[in-house]
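Engineer: My questions all concern the structure below.
Each value in this text was obtained by applying a stated rule to the coordinates, not by laboratory testing. The model shown is predicted, which means the values in this text are computed figures rather than measured ones. When we count neighbours, we look across all protein chains shown, and the Cβ atoms used for this are built from the backbone with ideal geometry, even at glycine.
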Amino acid sequence: MLAALFSLFSPLLRRQLAGVLTLAAMMMIAAGLLGLPLAPHWAGLAYWCAAALLWPGLAKRNRTQALVLLLVGGGCLLWSAGQGASIDAQRLVAGNSGLLSMLVAVSFLSLVSRPQTEDGRAPKGKKALASTLAAVHLFGSVINLSSVFIIGDRLAKRGSVTREQALVLIRGFTAAAFWSPFFAAMAVSLSVAPEARLATLWLVSMPLALCSLLLTGWQLSYQPVNEDNAPVSDFTGYPLHAGGLLLPGLLAAAVLALHQWQPALSILAVITLMAPALTLVILALKRQQPVASVGGLIKNRLPQMGNELVLFLAAGVLGYGLEVLFASLGGSLPLTHFGAWEASLTYLATIVLSLLGIHPIICISLAGALLMPLEPNHTLLALVFLSSWAVGTSTGPLSGINLAFQGRYGLDSFRIMRWNLGYAVTMSVLVVAAIFVLAGLLGLV
């Protein structure tokens, strides 16, 4: 049936229709946030239609993963319904539409924030390592994965990057998950813990990101030189200009200021509203053509979000299915409190699952369904989720970025995992310490 439907549209037309539907869905969510009477399930329906149009072009691995999530989530719902549980169809359709709308809104930023790609002499040595870490971290915090490949493609020789360059790019990028309000990790975390206080969270998550960068720089600068490890003096990097610091800092400050001014709006809502608006203002100030730029976004960038659409929609079904199942069983965890110890165990369990190839969004959906009856502090819960994403995706052999490096630069993802195991252990010690610090600040220890 689907094959017959797809045959009615050319691949190009399917992509363009998916781009239009994706943008329309984000605009419906934004309109609802501004007070217009638009129920989120309409946006969810548009996202599901866009995902269906993009389905044939997805990699087999991504389709299989999504189908497993849908089958497990759907099975939980069917069993629960058979036990008399009530299923909210509108909520099921709406799924993760709020989360997806934030990701779509963030994609607008790629129109105004991109690393420079002009030719020039690439820096070498420790300063080059530091500038590359900073560049991929800052640009990645705003425009996400595309920044890694813009910088990586410039550094690549004969279609690949060195071990040291790969570690800098992967760790520098994933460390942004600790704090960036424009990162998918933040969107997923805040969809489960919407009452998290960003200013308090940043007190520990930003130092964790800095520790990640410093640890990577120290490890690569003082590693023993052998046939696998190159000396730091041979490291060829990417230059970071002062202008590259402006937009990430401005955007983060604007998000925090708007949230403080309108505390009724969640961080998710603030970013969904602000990112497109600020992008259009910057385009107008630069005397570029906003309409043409958005048209290019619809034709190119938004159709490339097929993997995110399918994965997050399927994860939404899984999360809702687990929530209903857990409620129908009347079960509860053998816990009465979510403090530092419980948060640390949740983080460590997620890291172990990441090493086994399970995506953090699945772990977060599961943890959210299991922990919500405990009424956990959302700020502490968000730190657990962000940290597990930051460390888990850099190490997990089946994470999106490591598989992308395998496909683009020919580096085996399991080899990348081995390179990052020591980093994951050290960062996990620091994360657990940060969890106890935050729990103490929140009065939860």
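Engineer: Using the 10 angstrom Cβ neighbour count as an exposure proxy, how do Asp412, Asp228 rank, fewest first? Don't skip to the end; give the middle numbers.
Structural biologist: Values: Asp412 12, Asp228 9.
Fewest-to-most ranking of Asp412, Asp228: Asp228, Asp412.
Engineer: Among Ser86, Gly410, Val391, pick out the residue whose Cα is farthest towards the positive end of the charge dipole of region 2-441, where Lys and Arg carry +1 and Asp and Glu carry -1 on C-beta, about the Cα centre.
Structural biologist: Positive-end residue among those listed: Gly410.
Engineer: Checking the table Lys126/Lys157; Lys124/Lys286; Lys60/Lys157; Lys124/Lys157 against a 26 Å threshold on Cα-Cα, which pairs fail?
Structural biologist: Values: Lys126/Lys157 20 Å; Lys124/Lys286 33 Å; Lys60/Lys157 29 Å; Lys124/Lys157 15 Å.
Where the Cα-Cα span goes over 26 Å, the pairs concerned are Lys124/Lys286; Lys60/Lys157.
Engineer: Here's a follow-up. Mind jotting down the distance between the C-alpha centroids of region 267-317 and region 373-445, whole Å?
Structural biologist: Rounded to whole Å, the Cα centres lie 26 Å apart.
Engineer: Can you compute 3J(HN,Hα) from phi for each residue in region 19-29, using the Karplus curve 6.51 cos²θ - 1.76 cosθ + 1.60 with θ = phi - 60°, rounded to whole Hz and x for Gly and Pro?
Structural biologist: Taking θ as phi minus 60°, the curve returns x, 5, 5, 5, 5, 4, 5, 4, 5, 5, 5 Hz for region 19-29.
Engineer: Test of understanding: ordering Phe326, Phe173 by Cβ neighbours within 10 Å, fewest first, what list do you get? Intermediate results must be reported in sequence, preceding the final value.
Structural biologist: Working: Phe326 19, Phe173 26.
Least to most surrounded, the residues fall as Phe326, Phe173.
Engineer: Spelling out what I want: for every residue of region 295-300, take phi, set θ = phi - 60°, compute 6.51 cos²θ - 1.76 cosθ + 1.60 (Karplus), and round to whole Hz; glycine and proline get x.
Structural biologist: With coefficients 6.51, -1.76 and 1.60, one gets x, x, 4, 5, 7, 10 Hz.
Engineer: Once you charge only the Cβ atoms, +1 for Lys and Arg and -1 for Asp and Glu, what is the size of the charge dipole of the chain about its Cα centre, to the nearest 20 debye? Present the calculation step by step, with values, prior to reporting the outcome.
Structural biologist: Numbers: 24 positive and 14 negative charges, 248 e Å.
In debye, rounded to 20, the chain gives about 1200.
Engineer: Now for a different question. I'd like to know which of Val192, Leu280, Ile362 lies farthest towards the positive end of the charge dipole of the chain, counting +1 on Cβ of Lys and Arg and -1 on Cβ of Asp and Glu.
Structural biologist: Looking along the dipole axis, the top candidate is Leu280.
Engineer: Which of Glu323, Glu195, Glu375 comes first, and how do the rest follow, when ranked by fewest Cβ neighbours within 10 Å? Show your work: numbers first, answer last.
Structural biologist: Working: Glu323 21, Glu195 12, Glu375 9.
Neighbour counts put them in this order, fewest first: Glu375, Glu195, Glu323.
Engineer: May I have the extent of the alpha carbons of region 185-294 along their three principal axes, as whole Å values ordered from largest to smallest?
Structural biologist: Cα spread of region 185-294 along its principal axes, largest to smallest: 54, 38, 22 Å.
Engineer: Further question on the same structure: Hey, if you put +1 on the Cβ of every Lys and Arg and -1 on every Asp and Glu Cβ in the chain, which of Ser293, Gln260, Ala314 ends up farthest toward the positive end of that dipole?
Structural biologist: Final value for the positive-end residue is Ser293.
Engineer: Rg(Cα) of region 131-229 divided by 2.2 N^0.38 Å? Don't jump to the answer; show the numbers that get you there.
Structural biologist: Working: Rg = 15.1 Å, N = 99, 2.2 N^0.38 = 12.6 Å.
Cα Rg divided by the expected 2.2 N^0.38 Å: 1.19.
Engineer: Still on this structure, please answer the following. How far is the Cα center of region 12-65 from the Cα center of region 68-92, in Å?
Structural biologist: 22 Å
Engineer: For the chain, what does the helix formula give at 222 nm: sum of -39500 (n - 2.57) over DSSP H segments with n ≥ 4, over the residue count, nearest 500 deg cm²/dmol? Write down the numbers at each step before the final one.
Structural biologist: Values: 20 runs with 308 residues, N = 445.
Result for the chain: -23000 deg cm²/dmol, rounded to the nearest 500.
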